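Student: Structure provided below as structure tokens; questions to follow.
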């Protein structure tokens, strides 16, 4: 009887202690392409080839990323690491670059960029919160 009680306690302990190793988002890795830009002026939305530049991010499973922007025939690429942050009402992506560049869309003067997920396949830059353009990205793979 004593062995049965010990076994029961061990089973209850194992079943009640579960870890949640799930990522706050599902399927965030891959290529995210800029699909829409808007300025703070009403009706200033542009899409496709009408945008000032073409841009994409590639988020890798190991926490690294690449950002590539083509503007006026010139391609600029940057690399860095990212962190996923999850709160009760939104999922955020914090990007940290390895070097400075004018293609970093940030409200701060450091090497960080912030973004938030509207859905599993739509990502928005928070640059718009400090008078930058509103940038919308769509996951393509």
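Student: Taking 7 Å along the Cα-to-C-beta vector as the label spot, tell me the residue 85-residue 102 distance in nanometres, rounded to one decimal.
Tutor: Rounded to a tenth, the inter-label distance reads 2.9 nm.
Student: What are the equivalent ellipsoid semi-axes of the range 28-139, built from the alpha-carbon gyration tensor (square roots of five times its eigenvalues), in whole angstrom, biggest first?
Tutor: For the range 28-139, the ellipsoid semi-axes come out as 20, 17, 14 Å.
Student: When every alpha-carbon pair in the range 101-141 is counted, what percent end up more than 12 Å apart?
Tutor: Result for the distance tail: 58 percent.
Student: Determine, from the Cβ-Cβ distance of residue 77 and residue 119 and an R0 of 41 Å, the FRET efficiency 1/(1 + (r/R0)^6), rounded to the nearest 0.05.
Tutor: Taking R0 as 41 Å, the efficiency between residue 77 and residue 119 is 0.95.
Student: Oh, and also: For the range 47-102, what is one quarter of the convex hull surface built on the Cα atoms, given in nm²?
Tutor: Reported value for the Cα convex hull: 5.2 nm².
Student: Mind checking the full-extension length gain between residue 109 and residue 53? Use 0.36 nm per residue of separation minus the Cα-Cα distance, one decimal, nm.
Tutor: Gain in length upon complete extension: 18.0 nm.
Bear in mind that the values in this text are calculations on the coordinates, not laboratory data. Note that the structure is predicted; figures quoted are calculated from it, not measured. Using ideal geometry, Cβ is built from the backbone for each residue, glycine included, and neighbour counts are taken over all protein chains shown.
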